[in-house]
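Heads up: the structure comes next, in structure tokens.
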Amino acid sequence: MTANQRTVEIGPKAKSNAKNTFTVINLNALQQAMNDLDNSDFKLWMFYEQNALGFKVPSGPAYVAMWGLSRSSYYRAFNTLVEKGYLVKISEGYYKFYETPQPECIVEISQKQDTEFIM
């Protein structure tokens, strides 16, 4: 161990139950999101990532308030996830979340000249 290196031992964790559930996260996707996204963007990514495959999540500022996002932070983060390809617009008001960016969506959005505000 070098002089500046530290070791952290993970302590006991609470047991999973109906009031305290756990989620499984792809570590490669998590690392990519941590490197790719800012604080609010990452919080919104985590909000979506915690849900089961195929689960339809009502989305809006009220639903993510528990993650510490203000209304304006939510909209900015939502747009960032769309721009970076984590959220893909399927139809009006309906988006699909991907834990890693979808490259074909990034190209499509980056070619837009106007900066539309998605709600």
Worksheet item: Out of residues 5 or more away from Tyr86 or on other chains, whose amide H comes under 5 Å of its own, with H placed 1.01 Å from N in the peptide plane?
Response: Gln102
Item to complete: Counting residues in region 27-110 as N, plug N into 2.2 N^0.38 Å and put the Cα Rg over that result.
Response: 1.01
Practice prompt. Find, among the chymotrypsin sites (Phe, Trp or Tyr not before Pro) in region 5-84, those assigned to loop by DSSP (not H, G, I, E, B) with at most 16 other beta-carbon atoms within 10 angstrom.
Written response: Phe22, Phe55
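If you add up the charges near Leu27, with Lys and Arg at +1 and Asp and Glu at -1, over every other residue whose beta carbon is less than 13 angstrom from its beta carbon, what do you get? Write down the numbers at each step before the final one.
Numbers: positive: none; negative: Glu49, Glu99.
That works out to -2.
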Worksheet, complete the sentence: Counted neighbours (other Cβ, 10 Å), sorted fewest up, put Ile25, Ile90 in the order Ile90, Ile25
Discussion item. Could you derive backbone 3J(HN,Hα) for region 17-25 from the dihedral phi with the Karplus parameters 6.51, -1.76 and 1.60 (θ = phi - 60°), listing whole Hz in sequence and x where the residue is Gly or Pro?
Written reply: 8, 4, 8, 9, 9, 10, 10, 9, 10
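Every number in this text was worked out from the coordinates using simple rules, so none of it is lab data. If you're wondering where the values come from, they're calculated on a predicted model, not measured in any experiment. When we count neighbours, we look across all protein chains shown, and the Cβ atoms used for this are built from the backbone with ideal geometry, even at glycine.
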